[in-house]
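**Student:** Questions regarding the structure given below will be posed in turn.
Here, each number is a calculation from the coordinates, and none is a lab measurement. This is a predicted model, so every value here is computed, not measured. Please note: Cβ atoms are built from the backbone with ideal geometry, for glycine as well, and neighbour counts cover all protein chains shown.
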Amino acid sequence: MALTTRPSAASRAVPLALALVGLVLLVVGILYLTIPASSLPSVLPHRPSAQPSVKRGSVAVVVAVLCFLGAWLVARRAGRTGGR
């Protein structure tokens, strides 16, 4: 029986999920950094203020970058091991 080098569906799902979460966090971080807190959508937690939420935006962008890095590392590892 020959071993396949194609990644399984499960090994493709993790990097895809991490990349999707990273993309959402990147959008949220950009919203926090560019829009004044008083104008943010109600689904995003914020304190009423005329200035952007720099701390929350920065954290969201950093976590997004970490998600992208994790997705890349998991995909790279799955490609090397053949999805096992």
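Yes or no, residue by residue, for (1) assigned to a helix (DSSP H, G or I); (2) buried (at least 18 other Cβ atoms within 10 Å of the Cβ); (3) among the polar types (S, T, N, Q):
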| position | (1), (2), (3) |
| --- | --- |
| Leu20 | yes, no, no |
| Leu25 | yes, yes, no |
| Val43 | no, no, no |
| Gly57 | yes, yes, no |
| Arg76 | yes, no, no |
| Arg80 | yes, no, no |
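**Student:** Something else now. Give the number of residues within the stretch 45-55 that are in contact (Cβ under 8 Å) with a residue 12 or more places away in the chain and either within 30 Å of Ala9 (Cβ to Cβ) or exposed (fewer than 14 other Cβ atoms within 10 Å of the Cβ) (or both).
**Tutor:** 4
**Student:** Could you please tell me which pairs satisfy a Cβ distance under 8 Å, a separation of 6+ or placement on different chains, a first residue in the stretch 19-36 that is closer than 26 Å to Ala50 by Cβ, and a second residue that is of a type in the set (Ser, Thr, Tyr) and part of a helix (DSSP H, G or I)?
**Tutor:** Pairs that qualify, where the first residue is closer than 26 Å to Ala50 by Cβ and the partner is of a type in the set (Ser, Thr, Tyr) and part of a helix (DSSP H, G or I), are Gly29/Ser58; Leu33/Ser58.
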